Amino acid sequence: MLIAALLELKSRLMLAGEDEVEGLALEPEQAADELLARMLDAKRFRSAADHLQELLAREHGVRFRSAPLPVSLRRTIVAPPEGSQDPASLGAAIGSLLAMPPALDLRHVAVPRVPVAERLAHLRKLLRGGRFSFEDAVRGALEELAREHTVS
């Protein structure tokens, strides 16, 4: 950044006419202040760009409609459904929402029962043998579940 600013000042001096050179002559303190101001501006702009990039990254995957509405929908006023302003029908609709639904019949749902003592004995046997896979650990339980499910 400092080098770029120095190169810009040097190019101004080289390309400027004689009358402009006098206006560009800066004291060392003034040049240092100008460079510092430019560096602080650049840092502020980089921070703003990073902040905007972060905001954009948070919105990744979110899309919105940027096109205007079709002409046919721009001045369309949708009438409310028939009877929606009738207090009796509104009360009936709200009352139906508050009514308790009928009880569900769950007799067709099978509850799998795995005997814990048998599964522990099976796992202990596998642990004594060393390494084993997940499939080895659950093999007997899956067969018991399938058997119980077909019997019910």
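Every number here is computed from the coordinates shown, using simple stated rules; none is lab data. Since this is a predicted model, take the numbers as computed values, not measurements. Quick reminder, even Gly has a Cβ in these numbers, built from the backbone with ideal geometry, and neighbours come from all protein chains shown.
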**Report entry** Sparsely packed trypsin sites (Lys or Arg not before Pro) within the stretch 36-130, loop by DSSP, other Cβ within 10 Å at most 13
**Finding:** ARG63, ARG65, ARG75, ARG107, ARG113
Report task. Per residue of the stretch 116-126, in order, report the coupling 6.51 cos²θ - 1.76 cosθ + 1.60 (Karplus, θ = phi - 60°) as ³J(HN,Hα) in whole Hz, putting x for Gly and Pro. Result -> 5, 4, 5, 5, 5, 4, 5, 5, 5, 5, 5
Query - GluC sites (Glu not before Pro) restricted to DSSP loop in the stretch 79-140 with at most 15 other C-beta within 10 Å - result: GLU82
**Report entry** Rounded if a/c under 1.5, otherwise prolate or oblate - the stretch 38-141, Cα gyration tensor axes
**Finding:** oblate
Query - Spin-label model distance (nm) - ALA141 vs GLU54, 7 Å beyond Cα toward Cβ - result: 4.5
